[in-house]
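Chemist: Structure below; questions to follow.
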Amino acid sequence: MDLELRHLRLVEAIAERESVTQAGRSLYLTQSALSHQLRDIETRLGTPLFHRVGKRMVLTPAGRKVLDVARRVLVEVEGVEGEIKDLASRDGGVLRIAVECYTCYHWLPSLLEPFRAAHPRIEVRILADETKRPIDALLEGRLDLAIVTRAQPDRRLRFRPLFSDEFVVVMRPDHPLAARDWVRPTDFAEEHLLIYSTPEENTAMQQVLTPAGIRPRRITQAQLTEAILELVKSGHGISVMARWAVARDAAAGSVALRPLGRRGLHRRWFAVRRREAAPPRHLLAFEELLAQNPLANSSTAGRSGADRRRRRA
């Protein structure tokens, strides 16, 4: 057989990251070692699997076929290993989960019902105390699965891309910025910004405002979504939140949502677990549920009827 599991993992890593360097880091191989293995695969198959376009690695038609096979085979292999591991335990098990963002605990419970129906012997524990340092909790054995927004190279961990969501600027419907199609960083200079975390930990501050040299006139920290929304509704300031987190209030017309910047501010979510030869089947099943979760991936969720009519006008 020309292809081995390690070859399939290599092709999958390069295709997901479009970079030999980044793929090498995720697989803990040097760039030269990974390039050597890729050449070995292509020599065995007699055809290139990637084209180099600038700094990007782009799949050839043959590469796409190998990637399709890789994804099917790797999932099936992990599933079989997990089934065997599950059969070895008659007493079921425990699945310990944490999310990097407190707001995500609003939608995480919605996944528990279908999971428990399929895995009634598995006890699910959501450990909110591990929210601030989920990676450390994973490595120290206190968690089985974490949901995070940064994939960091670590040979002990396996990251799976899940979904993307969008941060939007949240304001009263009669706020002057609500008349805009999108909010510029400079618009924050005279605003009172309401945030969950410190400015040093806040995504909007660190990725948009601080690089632009902008600091809002006033910043107030409040750790509850409900508290921030009430302050926004009463006209005490504006905020930047995930669109899905304020979808219900936007649909009711009590707040207006606008993109931050012309292209918007987006983040990518990952499921991360310890790298092991045979992860339990229930762990892989919950990871798959996360990947299929449509809530946070909806780019239009939370746009009120007035917002949609305004965009069509």
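Any read-out appearing in this document is the output of simple, stated calculations on the displayed coordinates, not a laboratory observation. Computed from a prediction, not measured in an experiment: that's the story for all the values here. Virtual Cβ from ideal backbone geometry, glycine too; neighbours counted across all protein chains shown.
Chemist: Taking R0 as 41 Å, what FRET efficiency do you get between residue 72 and residue 179 from their Cβ-Cβ distance, rounded to the nearest 0.05?
Modeler: Working: r = 50 Å, r/R0 = 1.22.
Working from the Cβ atoms, E equals 0.25.
Chemist: So for each of 197-208, 168-179 I average, over its residues, the number of other beta carbons within 10 Å; can you give me the resulting order with the highest mean first? Before the final figure, lay out the partial values.
Modeler: Details: 197-208: 15.8, 168-179: 18.2.
Ranked from most to least packed, the peptides come out as 168-179, 197-208.
Chemist: With the crude spin-label approximation of a point 7 Å out along Cα→Cβ, what separation in nm comes out for residue 133 versus residue 206?
Modeler: Label at residue 133, label at residue 206, 1.6 nm between them.
Chemist: Quote the charge dipole size of the chain about the Cα centre in Debye, to the nearest 20; the model charges only the Cβ of Lys and Arg (+1) and of Asp and Glu (-1).
Modeler: Working: 51 positive and 39 negative charges, 205 e Å.
For this selection, approximately 980 debye.
Chemist: Given the -39500 (n - 2.57) contribution per DSSP H run of 4+ residues, what per-residue ellipticity at 222 nm results for the chain, rounded to the nearest 500 deg cm²/dmol? Could the numbers behind the result be given before it?
Modeler: Working: 10 runs with 110 residues, N = 313.
Calculated at 222 nm, the ellipticity per residue is -10500 deg cm²/dmol.
Chemist: For residue 65, go through the aspartates and glutamates and keep the ones whose alpha-carbon is under 14 Å away, minus same-chain ones fewer than eight residues off.
Modeler: Reachable aspartates and glutamates: 12, 42.
Chemist: If you don't mind, another one. Distance between the C-alpha centers of the stretch 109-138 and the stretch 1-17? Whole Å please.
Modeler: Taking the Cα centre of the stretch 1-17 as reference, the centre of the stretch 109-138 is 30 Å away.
Chemist: With +1 on the Cβ of every Lys and Arg and -1 on the Cβ of every Asp and Glu, and nothing else charged, how large is the dipole of the stretch 116-181 about its Cα centre, in debye rounded to the nearest 20? Write out the running numbers ahead of the final one.
Modeler: Numbers: 13 positive and 11 negative charges, 61 e Å.
Result for the stretch 116-181 is approximately 300 debye, rounded to the nearest 20.
Chemist: Contact order normalised by length for the chain, with contacts defined as Cα pairs under 8 Å and 6 or more residues apart; what percent is it? Working shown, then result.
Modeler: Working: 496 pairs, mean separation 68.3, N = 313.
That works out to 22 percent.
Chemist: Taking the simple approach of a point 7 Å from Cα along Cα-to-Cβ for both residue 36 and residue 106, what is their distance in nm?
Modeler: Taking the simple label geometry, residue 36 and residue 106 are separated by 5.2 nm.
Chemist: Subtract the Cα-Cα distance of residue 142 and residue 189 from 0.36 nm times their separation in residues, and report this length gain in nm to one decimal. If you can, show how the numbers build up before the last one.
Modeler: Numbers: separation 47, 0.36 × 47 = 16.92 nm, distance 4.21 nm.
Fully extending the segment from residue 142 to residue 189 adds 12.7 nm.
Chemist: Express in whole angstrom the spacing between the alpha-carbon centres of the stretch 22-55 and the stretch 144-190.
Modeler: After rounding, the separation between the Cα centres reads 33 Å.
Chemist: Right, next: What nm value, rounded to one decimal, do you get for the distance between residue 275 and residue 215 when each label is placed 7 Å out toward the C-beta?
Modeler: So the two model labels end up 4.1 nm from each other.
Chemist: Now for a separate question. Return the FRET efficiency for the residue pair residue 156, residue 248: r is the Cβ-Cβ distance, R0 is 30 Å, and the value is rounded to the nearest 0.05.
Modeler: Working: r = 39 Å, r/R0 = 1.30.
FRET efficiency, residue 156 to residue 248: 0.15.
Chemist: Determine which residues of the stretch 41-55 fall in the zone a paramagnetic label at residue 3 would reach in this model, i.e. backbone nitrogen under 11 Å from the point 7 Å along Cα→Cβ.
Modeler: Only 45 pass the distance filter.
Chemist: Follow-up. Using +1 at the Cβ of each Lys and Arg and -1 at the Cβ of each Asp and Glu in the chain, identify which of 212, 112, 34 lies farthest towards the dipole's positive end.
Modeler: Of the options given, the answer is 212.
Chemist: On a full-extension model of 0.36 nm per residue, what is the gain between residue 44 and residue 80, subtracting their alpha-carbon distance, rounded to one decimal in nm?
Modeler: On the way: separation 36, 0.36 × 36 = 12.96 nm, distance 2.74 nm.
Contour length minus Cα-Cα distance gives 10.2 nm.
Chemist: In addition: Output the Kirkwood hydrodynamic radius of the stretch 178-294, Cα pairs only, in Å rounded to one decimal.
Modeler: Numbers: mean 1/r = 0.0610 Å⁻¹.
So the Kirkwood estimate lands at 16.4 Å.
Chemist: Let me ask something else about it. With charges set only on the Cβ (+1 for Lys and Arg, -1 for Asp and Glu), what does the dipole of the stretch 5-84 come to about its Cα centre, in debye to the nearest 20? Walk me through the intermediate numbers first.
Modeler: Details: 13 positive and 10 negative charges, 96 e Å.
In debye, rounded to 20, the stretch 5-84 gives about 460.
Chemist: Lys and Arg at +1, Asp and Glu at -1: add these up for the other residues within a Cβ distance under 9 Å of residue 287 and post the number. Please report the intermediate quantities before stating the final value.
Modeler: On the way: positive: 160, 273; negative: 288.
Result for the neighbourhood of residue 287: +1.
Chemist: For residue 224 and residue 263, compute 0.36 nm times the residue count separating them, minus their Cα-Cα distance, and round to one decimal in nm.
Modeler: Details: separation 39, 0.36 × 39 = 14.04 nm, distance 2.73 nm.
Between residue 224 and residue 263, full extension yields an extra 11.3 nm.
Chemist: Also: How many percent of DSSP beta bridges within the chain run antiparallel, rounded to 5?
Modeler: Numbers: 24 of 39 bridges.
About 60 percent, rounded to the nearest 5.
Chemist: Relative contact order of the stretch 165-266, please, whole-number percent, based on alpha carbon pairs below 8 angstrom and at least 6 residues apart.
Modeler: Numbers: 176 pairs, mean separation 51.9, N = 102.
Relative CO of the stretch 165-266 lands at 51 percent.
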